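Undergrad: Sharing a structure below in structure tokens format, with a few things to ask.
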Amino acid sequence: MKIYLDGKYVDEADAKVSVFDHGLLYGDGVFEGIRLYNGNIFRLEEHLERLEYSAKAIMLQMPLNRKELSEVTCETCRQNGLKDGYIRLVITRGVGDLGLAPWLCAKPSIFVIASKISLYPQEHYDNGLAIVTVPTRRINPAALPATVKSLNYLNNILGKIEAKQFGALEAIMLNDQGYVAECTADNIFIVHKGAIITPAASQGALKGVTRGTIFDIAQELGLPLREADMTRYDVWVADECFLTGSGAEVIPVTKLDGRVIGTGKPGPITQQILASFRRRVLVEGTRI
Ligand code: PXG
């Protein structure tokens, strides 16, 4: 496997970063997780824009401009002969000393990995996923905005560990007011009386690229969609529930904390959305 690392395409074995890199020492950096479908990098521009905003939010100078980033991302896929897969684009603060001070890091480091991702098992797309609510709360956006896709994922990882301990593959994380924010690596949507509802970014949700695609699909299908405060009660009484993410794509949820959602089967609107999503991933984005 070839990895793009700071200007070169190197073998996986040579793709190494320093133990003094602040991405490792402090989680000081930003990243993107992007999907490649039949030679099409799905919504690459949207991912690169989010990456630029994440970098700006943490005052990290982007080492490459948009066009250069797009080119190295495509080239990493080409170098690996990849047509379908998962791309991880990472920018770290770079090598510094053992103090926090990011201004002592000489220059940011950038790498691109183009590989595979394992999705949730197919049976959950067919029958729905059973999720739980975990005790770990989402970090208050005033402390660290969820809109910043930073290398600090411990909050989500604690949620993921708790989900596993409760026997679930994904979990709802509430914000510190008790409202539903999102899941550990996915955004959440419910369908109620024909309307699609998702928590706003201000409630602690990442502005997911897949989430944004659902907004466009809802418009295409003529379905009302709104961002609103969401409680667990809203999920309990919803007709349908689904999660979205670059890894998960669109996956139905049929149980929360052992309670059955809707009919207990993937709902018709979820399936309609999934069908539109499947068409879009092949055409919306950048050909490698
Ligand atoms: N919320 C969080 C906290 C995420 O990490 C999403 C929502 C969905 O955003 P996108 O832009 O992907 O629709 C994410 C994305 C992984 C993996 O390695 C994680 C994500 C995406 C792809 C792979 O588990 N998280």
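Read the figures in this text as sums done on the coordinates, not as results from a lab. Since this is a predicted model, take the numbers as computed values, not measurements. Because the Cβ atoms are built from the backbone with ideal geometry, glycine has one as well, and the counts that use them run over all protein chains shown.
Undergrad: Determine the sum of side-chain charges near THR244: Lys and Arg each +1, Asp and Glu each -1, restricted to other residues whose C-beta is under 10 angstrom from that of THR244.
TA: -2
Undergrad: Something else now. In percent, what relative contact order does the chain have, based on Cα pairs under 8 Å that are 6 or more apart in sequence?
TA: The normalised contact order for the chain reaches 21 percent.
Undergrad: Work from the charge dipole of the chain (Cβ charges, +1 for Lys and Arg, -1 for Asp and Glu, about the Cα centre) and give the residue of PRO268, MET230, GLY194 farthest towards its positive end.
TA: PRO268
Undergrad: Moving on to the next point. Taking the Cα centre of the chain as origin, sum charge times position over the Cβ atoms of Lys and Arg (+1) and Asp and Glu (-1), and report the length of that vector in debye to the nearest 20.
TA: Charge dipole of the chain: 180 debye, to the nearest 20.
Undergrad: At ASP216 and LEU282, where each label point lies 7 Å from the Cα along Cα→Cβ, what is the point-to-point distance in nanometres?
TA: For the pair ASP216/LEU282, the computed spacing is 1.6 nm.
Undergrad: Take the Cα of ASP14, step 7 Å along the line toward its Cβ, and report every residue of the range 95-122 whose backbone nitrogen sits under 20 Å from that point.
TA: Residues passing the 20 Å test: 109-115.
Undergrad: To continue, here is another question. Can you find, among ASN175, ASN155, ILE41, the residue farthest towards the positive end of the dipole of the chain? Put +1 on the C-beta of Lys and Arg, -1 on that of Asp and Glu.
TA: Checking the options against the dipole of the chain, the answer is ILE41.
Undergrad: Something else: Would you mind calculating the relative contact order of the range 129-206 from Cα pairs under 8 angstrom and at least 6 residues apart, reporting the percent as a whole number?
TA: 35
Undergrad: Just for the chain, what percent of DSSP beta bridges are antiparallel, to the closest 5?
TA: Just about 85 percent of them are antiparallel.
Undergrad: Could you compute the FRET efficiency for ARG232 and GLN272, with r as their C-beta to C-beta distance and R0 at 25 Å, rounded to 0.05?
TA: Computed FRET efficiency for ARG232 and GLN272: 0.50.
Undergrad: Classify the range 67-153 as rounded, prolate or oblate, taking a ≥ b ≥ c as the square roots of the eigenvalues of its Cα gyration tensor: rounded when a/c is under 1.5, otherwise prolate if a/b is larger than b/c and oblate if not.
TA: Taking the square roots of the gyration eigenvalues as a ≥ b ≥ c, the range 67-153 is oblate.
Undergrad: Given +1 on the Cβ of Lys and Arg, -1 on the Cβ of Asp and Glu, and no further charges, what dipole in debye does the range 2-115 carry about its Cα centre, rounded to the nearest 20?
TA: Charge dipole, the range 2-115, about its Cα centre: 160 debye, nearest 20.
Undergrad: Hey, another quick one. Taking the Cα centre of the chain as the origin and placing charges on Cβ (Lys, Arg +1; Asp, Glu -1), which of ALA15, TRP103, TYR120 is farthest toward the positive end of the dipole?
TA: TYR120
Undergrad: Could I ask something else about it? Would you mind getting the Kirkwood hydrodynamic radius of the chain from its Cα pairs, rounded to one decimal in Å?
TA: About 19.7 Å, per the Kirkwood formula over Cα pairs.
Undergrad: Only Lys, Arg, Asp and Glu count, each charged at its Cβ (+1, +1, -1, -1), so figure out the dipole size of the range 122-285 about its Cα centre, rounded to 20 debye.
TA: Here the range 122-285 has a charge dipole of around 120 debye.
Undergrad: So what is the 222 nm mean residue ellipticity for the chain from helices alone, if each DSSP H run of at least 4 adds -39500 (n - 2.57) and you divide by all residues, rounding to the nearest 500 deg cm²/dmol?
TA: -8500 deg cm²/dmol
Undergrad: At 15 Å minimum axial length over the Cα atoms and a Kyte-Doolittle cut of -0.5, report the qualifying DSSP H helices in the chain, or say none.
TA: 154-165, 209-221, 268-280
Undergrad: Indicate, rounded to the nearest 5 percent, the antiparallel portion of the DSSP beta bridges found entirely in the range 122-285.
TA: 70
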